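Heads up: the structure comes next, in structure tokens.
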Amino acid sequence: MGALRLPALTSIFTSSSSVRSSPAIFPLKRRLRLPLRRPFSAQSTTEKVVAPELGDGKGKVVDKEKDRVITPRSQDFNAWYLDVIANAELADYGPVRGTMVIRPYGYAIWEAIQEYMNVKFKETGHSNMYFPQFIPYSFIEKEASHVEGFSPELALVTVGGGKELEEKLVVRPTSETIVNHMFTQWIHSYRDLPLMINQWANVTRWEMRTKPFIRTLEFLWQEGHTAHATAEEAEEEAMQMIDVYTKFAYEQAAIPVIAGRKSRVETFAGASTTYTIEAMMGDRKALQAGTSHNLGQNFSRAFGTQFTDENGQRQHVWQTSWAISTRFVGGIIMTHGDDAGLLLPPRLAPVQVVIVPIWKKDNEKAGVLTASSSVKETLQAAGIKVKIDDSDQRTPGWKFNYYEMKGVPLRIEIGPRDVSSGTLVISRRDVPGKQGKVFGISMEPSTLVAYVKDKLNEVQSSLLERATTFRDSNIVDVSSYDELKEAIAQGKWARGPWSAGDEEESKVKEETGATIRCFPFEQPQGPKKCLMTGNSADEVAIFAKSY
């Protein structure tokens, strides 16, 4: 089957005036059915390849055309992103417009995130549980700013069992309201506090501007909810969880996020304070990758969530909520991917090492496969996620391109000569061509395991270093509004002193398309003057266009 080209999907995943007025987000007439596999060459070439597995096993030479199927990032970042998702088999369109089917490889990345986070949540004293997906609409109405913030995105159920419902139901956009309803029944005394839970769930928000993984009608996430006896405990919890997210981003996803506090305009609907981690994508747009909210007593007062303190007085609890979602998968793609496709940090990669056996003659096959299986068993025993591709249907060259496109951090090649010498070849995904390939690595178990683990760590560190350099080189320090506008016009982030109000913040958004991403926790010392008003400023803010 010839290579299929993705249509111009920009109109599907970005808004226009016609899209804004209609819920038709993924036009079904333009749905693309992809073949199971497509050629994954970085450039259009016609080349001769040795394909014994496609011929008679004797190294028959065939002509094979390799068509470009991944748009270069520099040419069209959005098209590149969609091409990578399709070709790496991360996701596909759902039958309901605006939804996404997460395919096994994409879900495996999410599972890796879950596995890490589950450990951290339990280490910090939280327990997993589950709340219903349907929420009475009256719950949403109880907290005024919450309903105002979420009303445009709500999906409502008005008919059930063929009958009009007495009260319409909201399909969960977030769970603060139903959590408070239950907390009110469970919390009676200070002895019941703190109450700290987390749930892994799906949520629905009727988005009109969509992008796979980044913004869809339905997505997966974890949402933590806690109740405390004091304001200080709630603040400590909110800060603790944004620190957990920050550490995850740096150490697991190799994404150098900037952690900080959201402006009042950008604060979560119903929260007193919102903390965030902001990541710079490959197109220099910002991605809000995780948030932690100090809810104060806003929801507890709305729902009457109280406890009796040690002095016998009734008090409203202090609360937090915090979440990351499958949007992080999109962030990993857009931070590390290149023109060859996906590039995964080893600690989150579903497959850390792929073994490609290579043989030309039938009498070479058994020895190569035996050695390959032995290497696989050695690495698996050391806790390394390894796969061997011994299929006969594709050439080694095709497999090289395929697993590079899938972002597998390391590739091992084993041929007849390697079997004879007891060595193998290892290639790094993050270092293209011959520069990233090392020959003559011993198959001796202890030597091999140590080498592979070392290289995986090098890839992990390299990705973080590369992303950090890119981020830092695209943040501009500004001291005036004109400088801010110039930086944003160049597609960069602007960092400058800010003490102006909501009206001035809205003006920046209207005139530049940028918003305050956060007031970073790490602040420069010394006196500062607001870039907009010239008045004294205590903090610098970061402005950027965002997803």
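The values are calculated or read from the model by the stated rules, or taken from the named source; none is laboratory data. Computed from a prediction, not measured in an experiment: that's the story for all the values here. Quick reminder, even Gly has a Cβ in these numbers, built from the backbone with ideal geometry, and neighbours come from all protein chains shown. The accessibility values were calculated without ligands, DNA or RNA, using every heavy atom of the protein model including side chains. Shrake-Rupley method; radii C 1.70, N 1.55, O 1.52, S 1.80 Å.
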In whole angstrom, how far apart do the alpha carbon centroids of region 214-239 and region 389-411 sit? 41
Stokes-Einstein translational diffusion, the chain - Kirkwood Rh over all Cα pairs, 1.567 mPa s, 4 °C, in µm²/s: 50
P(r) for region 173-249: what percent of alpha-carbon pairs falls in each 10 Å bin, starting at zero? 15, 38, 33, 13, 1
Counting Lys and Arg as +1 and Asp and Glu as -1, each charge on the Cβ, what is the dipole of the chain about the Cα centre in debye, to the nearest 20? 2160
The chain, helix-only ellipticity at 222 nm - DSSP H runs n ≥ 4, -39,500 (n - 2.57), divided by all residues, nearest 500: -10500 deg cm²/dmol
Per residue, what accessible area does the chain have, given a 1.4 Å probe and all protein chains present, in Å²? 44
Correct response: the longest run of the chain lacking exposed GluC sites (Glu not before Pro), defined by DSSP loop and at most 14 other Cβ within 10 Å, is 1-309
Scan the chain and note any complete DSSP helix (H) whose C-alpha atoms cover at least 24 Å along its axis and whose Kyte-Doolittle average is -1.0 or more. 104-123, 231-251, 362-381, 445-473
Round to a whole number: what % of the accessible area of the chain belongs to carbon and sulfur, probe 1.4 Å? 49
With every atom except the alpha carbons ignored, what do you get for Rg and Dmax of region 206-353, in angstroms? 18.0, 65
Whole percent per 5 Å bin, from 0 to the bin with the longest distance: what is P(r) over all C-alpha pairs of region 401-547? 2, 8, 14, 14, 10, 7, 6, 7, 8, 8, 6, 5, 3, 1, 0
